[in-house]
1. Just checking, which of Ile72, Ile98, Ile36 is exposed (fewer than 13 other Cβ atoms within 10 Å of the Cβ) and in a helix (DSSP H, G or I)?
2. Over 30 Å from Pro101 (Cβ atoms) and modelled with pLDDT of 50 or more, is that true of Pro30?
Amino acid sequence: MGCPGRADSELPRSPSSPRSPAPASMIMSPCAACKILRRKCSEKCVLAPYFPPTDPVKFTIAHRVFGASNIIKFLQELPESQRADAVSSMVYEASARIRDPVYGCAGAICQLQKQINELQAELAKAKAEMSSMKTQHAHLMALICTVEMDRPSPSSSTEQSDDSNISRAVNETNPSYILDHDNYLGSSWPGSLWA
């Protein structure tokens, strides 16, 4: 009973009084689902762990396509270890259905499959071009090596030019003299050296 002239709210309360405010850590904010559905969120709320009050858009999207009762029913049928993945899947499917009401997730999957096929074709084409370039490079290197091997070295070309200059000079000075290598060498060398 209160004092005259004083309201009950101004009276000091004892800690055991039923009207005492709960500590700040005990105050629970309703989950996003219960806020949107405008119902009281209990401690055993199935939706609370998956639709936090900080992310109401997540529940709004899923609720718009699947409905609250279907979401609750679906989550209750699953083991707790699979519920988070199921909620993520429902939100993704619902957002895909909102974006593309006709095809939904199937449209997104078809689009991604098309991109994969195009990229695989590009990759195969690039590999074929790379293989062709490697083959061309190998042929080019073989051709360069062949040309380098066939080209006389600088020292042997000067020796050959010196020999031809000497022969020309001998022939010009004495036209009747013909240098016969076989007879010239054969007369001075006895027999075969390699026998």
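The values are calculated or read from the model by the stated rules, or taken from the named source; none is laboratory data. Small disclaimer: the values here were computed from a predicted structure and weren't measured. Because the Cβ atoms are built from the backbone with ideal geometry, glycine has one as well, and the counts that use them run over all protein chains shown.
1. Answer to the check: Ile98.
2. On the way: over 30 Å from Pro101 (Cβ atoms): yes; modelled with pLDDT of 50 or more: yes.
Spelling it out, Pro30 is indeed over 30 Å from Pro101 (Cβ atoms) and modelled with pLDDT of 50 or more.
Yes/no matrix, rows are residues, columns are (1) touching a Cys at 6+ places or on another chain (Cβ under 9 Å); (2) among the small types (Gly, Ala, Ser); (3) in contact (Cβ under 8 Å) with a residue 12 or more places away in the chain:
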| residue | (1), (2), (3) |
| --- | --- |
| Ile71 | no, no, yes |
| Leu75 | no, no, yes |
| Ser88 | no, yes, no |
| Pro101 | no, no, no |
